[in-house]
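Right, one structure below, let's go through it.
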Amino acid sequence: MPNINSVAPELQVSQWLNTLRSITLADLRGRVVVLHAFQMLCPGCVSHGLPQAAAIHETFPAADVAVIGIHSVFEHHSAMTPVALEAFLYEYRIRFPVAVDRPSISGNIPHTMELFGMRGTPTLIILDQQGRIRLNHFGRMDDLRVGAMIGQLVSEVAIDPNSNQEQEQAAAGSGGCDDDKCAISDNMGSANA
């Protein structure tokens, strides 16, 4: 199971619905990614998880936040086929892309569910703009907390650890404060020491 702040493993998908192309997490770097693992026969998924994912999809701009459903079936396999899932998504008006988690050959736990260390459904996983896992939550989570976390992650500025951003800003005369003084930035006049 990957740890919080580690880069998320790639999704293991047997089929995509609600999208014309395959999606990789690498393709989504630069955006916050909300992964919602569900089963269509899971009461918590239907009553809370999927409506929450749909609200996130409708609320945040697609340029900032990508929402992906992951249908991770670990029980009632014969009842939750891709054909049944397609009808379910249509009936419940789920508009965001949905991945069918690749079934396990040897056990009941599908591949993506196992890779992320999910304990069941619903599971909400949120990745930051660099593809790092910032939340892996099993069960219901308050909408306000989820929205606040997504908003915070959207507003984070991606800083390249190899850049000399602070030195570049100082050389450009951007002003600012240190332990000794606060300087006026060049766009407000010359910096005073």
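What follows draws every value from the coordinates through simple rules; no lab data is involved. Just so you know, these numbers come straight off a predicted model, no measurement behind them. We place every Cβ from the backbone using ideal geometry, glycine too, and count neighbours over all the protein chains shown.
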How would you rank 136-145, 120-129, highest first, on the average number of other Cβ atoms within 10 Å across their residues? 120-129, 136-145
Over its alpha-carbon atoms, the stretch 13-155 yields an Rg and a Dmax in Å of 14.1, 43
How would 21, 95, 134, 29 line up from fewest to most surrounding beta-carbon atoms within 10 angstrom? 21, 95, 29, 134
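Can you sort 111, 71, 77 by how many other beta carbons sit within 10 Å, fewest first?
By the 10 Å Cβ count, ascending, the order reads 77, 111, 71.
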Would you mind calculating the relative contact order of the stretch 13-155 from Cα pairs under 8 angstrom and at least 6 residues apart, reporting the percent as a whole number? 34
Can you compute 3J(HN,Hα) from phi for each residue in the stretch 81-98, using the Karplus curve 6.51 cos²θ - 1.76 cosθ + 1.60 with θ = phi - 60°, rounded to whole Hz and x for Gly and Pro? 7, x, 5, 5, 4, 4, 5, 4, 4, 5, 4, 8, 6, 7, 9, 7, x, 10
Sequence-separation-based contact order of the stretch 34-117, relative, with Cα cut under 8 Å and 6+ spacing, percent: 32
Between residue 105 and residue 93, what is the label-to-label distance in nm when each label sits 7 Å out along the Cα-to-Cβ direction? 4.2
With the dipole of the stretch 1-86 worked out from charges on the C-beta (+1 for Lys and Arg, -1 for Asp and Glu) around the Cα centre, which of 72, 9, 37 lies farthest toward the positive end? 9
Around residue 11, which amide H atoms from residues at least 5 apart in sequence, or from another chain, sit under 5 Å from its own amide H, with H modelled in the peptide plane? 25
Note on the stretch 1-99, DSSP bridge orientation, antiparallel percent to nearest 5 equals 20
Expressed as a rounded percentage, what relative contact order does the stretch 1-67 have, with Cα pairs under 8 Å and six or more residues apart? 31
Subtracting the Cα-Cα distance from 0.36 nm times the residue separation, let me have the gained length for residue 23 to residue 143 in nm, one decimal. 40.6 nm
Calculate one ³J(HN,Hα) per residue across the stretch 8-16 by plugging θ = phi - 60° into the Karplus curve 6.51 cos²θ - 1.76 cosθ + 1.60, and present them in order as whole Hz with x for glycine and proline. 5, x, 6, 5, 10, 10, 9, 6, 10
